[in-house]
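Below is one structure, written out as structure tokens; the observations come after it.
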Amino acid sequence: MEMKLLLVGASLTMMQYAWAGGSFLEVTVKEFTRLETHNYRLTVVPTDEQPRRQTDSYMGKCAEFTVVGTFRRSRKVPEFTKETQAAVLAGIEVAYLTHTTINFGWMGSGLAVLNKNNPCVVRSQALGKGWGRVNADKEVSVIFSYY
């Protein structure tokens, strides 16, 4: 019994670690193209003057940020499903068509840079929704990429 509890505790610790890294920024959707049901190309522009922008390791130094995405199921984030991704893509499309800002970010290893000479173009393997803290008093809805 003690060994089972130890294994469950270790599993929960590893799960928390997988979710530990991440960041998000408020962005405007500049371009959005669905290539197939779950494949897409998304270009966003971070809004001006966000204190967190300098610390974001992916979008922080990009005037424009492009995500070439698909869907690949992960055991680490089972709640990121094809259905979730389809709903998130529909929300991105609405933001694009209505010129509404969204909060976009990454978690885990988040994104994969496609070309080290152009770090502002990345690949994503799944999208999901969650909550992010802007400051001590404010949480916002965020679209997260997972790789």
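Bear in mind these aren't lab numbers, they're just calculated from the coordinates by the rules spelled out. Quantities reported herein were computed from a predicted structural model and do not represent experimental measurements. Note: ideal-geometry Cβ built from the backbone for every residue, glycine included; neighbour counts use all protein chains shown.
Here are some pairs, LYS30/LYS61; LYS30/LYS82; LYS61/LYS129; LYS30/LYS129; which of them have Cα atoms lying more than 26 Å apart in this structure? Walk me through the intermediate numbers first.
Values: LYS30/LYS61 17 Å; LYS30/LYS82 24 Å; LYS61/LYS129 24 Å; LYS30/LYS129 20 Å.
Going by Cα-Cα distance, every pair falls inside the 26 Å limit.
For region 90-139, taking Cα atoms only, Rg and Dmax work out to 13.6, 38 Å respectively. Using the Cβ-Cβ distance between ARG133 and THR47 with R0 = 22 Å, the FRET efficiency computed as 1/(1 + (r/R0)^6) comes to roughly 0.80.
Classify region 50-122 as rounded, prolate or oblate from the Cα gyration tensor: take a ≥ b ≥ c as the square roots of its eigenvalues, call it rounded if a/c is under 1.5, otherwise prolate when a/b beats b/c and oblate if not.
Oblate, because a/c is 1.5 or more while a/b does not exceed b/c.
Which order, highest average first, do 33-40, 105-112 follow once you tally other Cβ atoms within 10 Å for each residue and take the mean per peptide?
Output ranking for 33-40, 105-112: 105-112, 33-40.
Rounded to the nearest 20, the size of the Cβ-charge dipole of region 25-115 about its Cα centre is 420 debye, with Lys and Arg at +1 and Asp and Glu at -1.
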